[in-house]
Each structure stands twice: as C-alpha cells, then as structure tokens.
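Report on the structure given below.
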Amino acid sequence: MQQTAATTEKIELMGLLPQELADVLASMGVPKFRAAQLFRWLHQRKVTDFSQMTDLSKQFRAELQQRFYINRPNIAQRLASSIDDTVKYLCRLSDGNCVEAVRMVYHHGVTACISTQVGCRMGCKFCASAPLGLVRNLTAAEMLGQIDLMDAEFPTEQAVSGIVLMGIGEPLDNYEEVLRFLRLLSCKEGRAMSLRHVTLSTCGLVPMIDRLAEENLPLTLSISLHAPDNAARSALMPVNRKYPLEELLAACGRYFRKTGRRVSFEYALIRGKNDSRADAQRLAKCLKPVFPKMRPHVNLIPVNPVGENGFQAGSAKQFMQYLSEEGVNATVRRTLGDDIKAACGQLRRNAIENNTQERIG
Ligand code: SAH
C-alpha cells in the first residue's frame, strides 16, 4: 500500500548525528543553524513531538513531520524499590515490543542500565532472556530513549551520569547501532557524556572486540566470563564454542594494548558449577597473563535464579577469599533493587508470560 510505503520511508530523527542531520536538512534547502536548533530540541530538551518545537515555523514543522518521525519509547510499567532508590522500567517501543531499563543511584551519581536488543540470541543458560530468543535490534534512538524517559521523571541535578550496557541483548551483536548510540551520547551538541562513564558488557564476540578496539573509545569493556575453563564455559555459554576462552582472553590483551584501557570481568557465581577453590585457581591462572604486571580484577555476581534452570547462587564472600589467595582482586556487585527483580530480563519475561500490555506505571 502506498500509505505504508510512505510511512516506512520516514527517517528516524533521533538517530541522526549532528552532521547527518545537517546534511539531510541541507538537501531540503534548510540552513545549518536550523539543524543545530532541531538537534537541541531532540537531544537536550527531549521533545516527543514536532508541535513542541515552538521556535520553528509551523510550515517547517509540517515539512519535518512529513519526512521524519521521533521514536521514543514510553513507560509500560514502573517498579520502584522500597529498599533503595532503584527504579526498574519496562519500556514500550513504537512497535509494541518491550525492553527493560534500570535506574540505579550510587553515591557518585546515577547509572542507567539499558537494553540493546529486544531479546538475545546468545543462549546463556542462566539468563532470563535466552529462552525467548532475539526479536530485533534496537536503534540508537531507542537506546537513548530509555535514558531520556528516566530523566524526565527526576530533577535535572539527578540526571543519569553513567551508562552500563547490561540490559537485555548482546551489544556487540548490534554493533552499528550501539556505536551510533555512543557517538550521540558523547557528542557535544547532545548529552556530551564522557564515554569514561560508560561500560559495555559482552559475552565475548571476539571479532567485534577487535573491531571495537580500533574505535579507540575510552569506555570500559566488561567481559562476561562466568567460568574458568572451556568445558564449564561452553556448558553455560554457547558462544564459547565459537570463541573459546583462550581466544577471548587473547582479544582482551589486544584490546588493552590498543586502547590502554584495562578490561574488567564479570563472574556470576553458581553453586556447584563454578564456585570451588579449584575454579578460583583456574580463573587466576587464565587471567594473570592477560595484563602482565597488573592484578586482574573480577566482579562477582551471585547468580539470580531464573525460571526452571535450578541454578543457585554461590557464596561471593568465599570465592573472593579463594581469589585473593591467588592474587586476584574481586568486588561483589552490589545488588540494588533486590525486591523488584532488577535482574535484567525478568520483567519483560513476566510481561510476556502474563501478556500484560496495559500501563500500570
Ligand atoms: N550480553 C551482554 C550484556 C547483557 S547481560 C553480556 O553477556 O555481557 C549483563 C550481565 O548480566 C552479564 O554479565 C550476564 O552474564 C549477567 N547475567 C545474565 N543473567 C544473569 C543471572 N541470572 N544472574 C546473574 N547475572 C546474570
């Protein structure tokens, strides 16, 4: 149908970088300063509709409306923790799909944990999103939108100041849009956020780690390791069959040499699977050569039991002790919002299971 074709040809405005926006507008005969004005409306004033752009003429707004659309997720559900300031959002995208985002308050600022895909195809055995598979990639605009909808609820001085890409999805499986998101986030005309305040977490897609290294961004790369040998890791994370541990760790070494940024490691403790003294010894042995002369650092996460997999959390305190005996530093990830199931993927999964589409936030 003509109507549909015309609609799908519209350009998503929020995903354009400043220069791209200037170029598209220039092709419509619009002067450069208008592009800057429009970018500010979108990324600093965070409007949801063209009608809010009050210093642009009605005719220009109508023209924009014809060529472009503003794609912002809205809040399908909101869960506020009663034990800390954590708020978890189920964000509804324009096509009705939902993803999760979490706003966490630390003494040094506010961190948003956001999703990069609707679902995931990596199939990690402990993860709530794995059984549902991948539906689609998120656009850069939809990633930004998750942060914007949080900020809209709080005073400016409590705006999000750090981002972790640890929500639903594998960021390096959606490389182009994640990179676009990072560029939009850090550009001076937008949020101007330093990428030093951004952590990208990956299950270990080796070629993409090498590609990211070439971009030379100051973000923190975090590897979801979760096991100290190939047999155990392949059993938990199918990606390990394609990119085994030694190749992954070699890529981490290359990443460090190229960017000068030390990679961090996540380790979800699962009782009886990866939490023994022997596991700690194996872990120390494989991590020590990655960054010579530096003590490796591991973030321990007691696994969040999900669905029917029967996994139980291992003791982080005990494992930390084992690791310290081996010369490896470890911290235990603070579990925020325990009462609201802040483990990513669980809210979306519950929503799909209950088929709840109504707004209750
Ligand atoms: N795909 C990326 C980012 C999303 S998951 C990655 O694999 O890193 C964010 C982190 O939560 C990862 O370290 C992931 O392994 C971990 N995780 C997923 N499910 C978990 C669970 N049930 N308990 C504890 N950590 C979990």
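Read the figures in this text as sums done on the coordinates, not as results from a lab. The shown structure was predicted, so the numbers you read here are calculated from the model rather than taken from an experiment. Every residue, glycine among them, receives a Cβ derived from its backbone with ideal geometry; neighbour counts consider all protein chains shown.
Once both labels are positioned 7 Å from their Cα atoms along Cα-to-Cβ, the gap between L179 and F291 label points is 2.5 nm. Within the chain, the longest segment free of exposed loop sites, counting GluC sites (Glu not before Pro) that fall outside DSSP classes H, G, I, E and B and have at most 14 other Cβ atoms within 10 Å, spans 154-307.
Between 0 and 90 degrees, rounded to the nearest ten: what's the tilt of helix 175-186 against the longest Cα principal axis of the chain? Between the helix axis and the principal axis of the chain, the angle is about 70 degrees.
The angle separating the long axis of helix 58-67 from the principal Cα axis of greatest extent in the chain is about 50 degrees. Relative to the dominant Cα principal axis of the chain, helix 316-325 is inclined by about 60°. With semi-axes defined as the square roots of five times the eigenvalues of the C-alpha gyration tensor, the equivalent ellipsoid of region 75-224 measures 22, 20, 14 Å, largest first.
Express in whole angstrom the spacing between the alpha-carbon centres of region 242-294 and region 76-146. Between the Cα centres of region 242-294 and region 76-146 lies a distance of 26 Å.
Computed from the C-alpha gyration tensor, the three semi-axes of the ellipsoid equivalent to the chain are 38, 23, 19 Å, from longest to shortest.
Rounded to the nearest angstrom and listed largest first, the equivalent-ellipsoid semi-axes of region 218-274 from its Cα gyration tensor are 23, 13, 8. Highest mean packing comes first when the peptides 108-117, 274-283 are listed by Cβ atoms within 10 Å, giving 108-117, 274-283.
Net length available on complete extension from D23 to E325 is 102.9 nm, with 0.36 nm assigned per residue and the Cα-Cα distance removed. Here the label points at Q52 and S276, each 7 Å from Cα along the C-beta direction, are separated by 5.7 nm in the simple model.
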